[in-house]
Amino acid sequence: MTGSLARRLPDGRPLIFGEVLFDYFPDGNRVLGGAPFNVAWHLQAFGESPLLVSRVGDDEPGREIRSTMNRWGMNTLGLQQDPQHGTGEVRIALRDGQPTFDIVKDRAFDHIDAAGLPVLEVSLVYHGSLALRGLASANALDTLLDAADAPVFVDVNLRPPWWSRSAVEARLGGVRWLKLNHEELELLAGSAGETASLATRLLERYRLELVIVTLGERGAMLVSSTGEVVEASATGSTAVVDTVGAGDALSAVCIVGLLHDWPLETLLARAQAFASLVVAQRGAVAEDRMLYRRLLKGWMESPT
């Protein structure tokens, strides 16, 4: 059994910063999502009481988001309302049979207001890279990080054209934990190569504590600053229905594991197992509360 990082986190709740939006499909359907929203949803169901800091429009989608969060028991103190910009949206189209994604620019989540940030004790801060495309939101995150003085978990989401290497790299210096997929790993490491060696390169370059890499159907790997390399295979017993949100599911359980100081082998195995459950259903989040309760029960009964 591999060890944990054995480093006490501050008291408080996890703070999740970034976009909440709707994906709009060609058939007229829409699905609520955004990586930070998905992570906060899972953490709420796992009993961690996260605070999502985001911004929605003064419109019907924004009201639906607030209502959905209330129904799930999520705290809406950090959900700002924007009278000028609409709620975030992604327009999905099919071109030559392949989906394309238009993340509509200048939406409410690009304008998170630093003056409207809540004051509270924070155990860790999670954020992605998409919401940082807006200057106001980037400034709000800087304000929040200065005030929180808490360790940072970054979930890299390199969505062209909404990212630049310099902007992403500038954010990694103060990060403790980094999660990304293999393609993003190669982009940030600057070359193709074997996963563990590229992850080690990032660990050393940015003085990270942990790099978590999702590998699609091959599962996931983590590499720690102490030299541990842990792998977890994707569960092969369930059929893949929808891969959207698999990485967010994995991130959420990794955060639970970090909050409770699970051994790294346990952390990654549980995170990958939950991601495998999510891809077996339609949509990025599960509305079956019993699924989360069964997992929690198993975690409490199984030694770490």
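The values are calculated or read from the model by the stated rules, or taken from the named source; none is laboratory data. Computed from a prediction, not measured in an experiment: that's the story for all the values here. Neighbour counts run over all protein chains shown; Cβ positions are idealised from the backbone, glycine included. These accessible areas exclude ligands, DNA and RNA; they are computed on the full protein's heavy atoms, side chains included. Shrake-Rupley method; radii C 1.70, N 1.55, O 1.52, S 1.80 Å.
Descriptive notes on the structure:
- Set Asp106, Asp155, Asp110, Asp142: member being under 19 Å from the mean Cα position of the chain (by Cα) and more than 26 Å from Ala246 (Cα to Cα): Asp142
- Ser251 meets all of the listed conditions (1) more than 24 Å from Leu188 (Cα to Cα); (2) open to solvent by less than 10 Å² (accessible area, probe 1.4 Å); (3) of a type outside the set (A, V, I, L, M); (4) modelled with pLDDT of 95 or more but one, namely (1).
- Residues satisfying the stated conditions in the stretch 163-182, i.e. more than 17 Å from the chain's Cα centre (by Cα) and either more than 15 Å from Tyr206 (Cβ to Cβ) or open to solvent by 70 Å² or more (accessible area, probe 1.4 Å) (or both): Ser164, Arg165, Ser166, Ala170
- Residue in the stretch 107-128 that is at pLDDT 90 or above, over 20 Å from Leu259 (Cα atoms), in a loop (DSSP other than H, G, I, E, B) and of a type in the set (A, V, I, L, M, F, W, C) present: yes
- Residue check for Ser129: of a type in the set (S, T, N, Q) and open to solvent by 30 Å² or more (accessible area, probe 1.4 Å): no
- Within the stretch 63-82, considering residues that are out of contact with any helix residue (DSSP H, G or I) (no Cβ under 7 Å at 6 or more places or on another chain) and farther than 21 Å from Asp288 by Cβ, the one most open to solvent (accessible area, probe 1.4 Å): Arg63
- Neighbours by Cβ (under 6 Å, 6+ apart or cross-chain): first from the stretch 58-83, in contact (Cβ under 8 Å) with a residue 24 or more places away in the chain; second among the small types (Gly, Ala, Ser) and buried (at least 20 other Cβ atoms within 10 Å of the Cβ): Leu79/Ser54; Asp82/Gly57; Asp82/Ala108
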